[in-house]
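The values are calculated or read from the model by the stated rules, or taken from the named source; none is laboratory data. These figures come from a predicted structure and were not determined experimentally. Cβ placement follows ideal geometry from the backbone for every residue including glycine, while neighbour counts extend to all protein chains displayed. All accessible areas refer to the heavy atoms of the entire protein, side chains included, with ligands and DNA or RNA removed. Shrake-Rupley method; radii C 1.70, N 1.55, O 1.52, S 1.80 Å.
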Amino acid sequence: MDDKGISKAVIKRLPRYYRYLGDLMNNGVERISSSDLSKKMRVTASQIRQDLNNFGGFGQQGYGYNVRYLHTEISKILGLEEEHPMIIVGAGNLGQALANYVEFDKMGFRLVGIFDINPVLEGIGVRGIEIKMISDLPFFLKENNVEIATLTLPKNKAAEMAELLVNNGVKAIWNFAHLDLNVPEDVIVENVHLSESLMTLSYNLSKYKQEHSQDHE
């Protein structure tokens, strides 16, 4: 499968397909048409077929999609069949909340270490993992096959920490710091800017209020 021509929009929809199909499996649904799936996804049936055709289709004429099979195939496409050792750098409220989110384990994201700069936090256990100091990080990365580093540090610390991670072989960073990281091209960064998401929500709320205030005039 050559996925170089697949758009980011399609790739961003794949986790939603995975989640909805998982819900269908839990509800005992064995097969579903693109039309019925479109109603749940709020994406057109044509869009669903186009999305899945990028990866081979998976549907059968007159039958639709086998829910368990499609869920498994999307899991493979997303790399969830493999285990991804992961660390969290920044053990504040957000870092600890992410560490306590057990669903990550179910998807193959195995938390192997938590790090912080605050000595008060050293040795505190979060879901069975003791918080270590940043000074221990280079040695830890050399001794462990860490694939993903989750960065939940303040903006002023994030760039320096990203450089340390990259210099010690980390190739994927899940970045919650409010900063666009400057990293080499071979390092993958997924940015999660919470305030931007909230501002988008605020925009849509304002737009909704304006439209409905006009309706009542």
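Structure values in brief
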quantity: All lysines inside 19 Å of LYS106 as judged from Cα atoms, apart from same-chain residues fewer than 8 positions distant; calculated: LYS76
quantity: The chain, relative contact order [Cα under 8 Å, separation at least 6], %; calculated: 13 percent
quantity: Solvent-accessible area, 1.4 Å probe, carbon plus sulfur percent, for region 49-155; calculated: 49 percent
quantity: Accessible-area value, HIS212, 1.4 Å probe, nucleic acids and ligands omitted, Å²; calculated: 70 Å²
quantity: Protection proxy ranking, peptides 161-169, 117-125, average beta carbon neighbours within 10 Å, highest first; calculated: 161-169, 117-125
quantity: Relative contact order of region 105-217, defined on C-alpha pairs under 8 angstrom at six or more residues apart (%); calculated: 16 percent
quantity: Sites matching trypsin sites (Lys or Arg not before Pro) across region 1-87 that sit in DSSP coil, with at most 10 neighbouring C-beta atoms within 10 Å; calculated: LYS4, ARG42
quantity: Distance-filtered residues of region 76-110 - backbone nitrogen under 14 Å, label point 7 angstrom along ARG19 Cα→Cβ; calculated: 103-104
quantity: Sequence-distant lysines (8 or more away, or on other chains) whose Cα lies within less than 20 Å of LYS142; calculated: LYS132, LYS171
quantity: Qualifying aspartates and glutamates (Cα of each under 15 Å from Cα of LYS157; at least 8 residues distant if same chain); calculated: ASP116, ASP180
quantity: Accessible area per residue in Å² at 1.4 Å probe, computed on the chain; calculated: 63 Å²
quantity: Mean ellipticity per residue at 222 nm, deg cm²/dmol - from DSSP H runs of n ≥ 4 across the chain, formula -39500 (n - 2.57); calculated: -14000 deg cm²/dmol
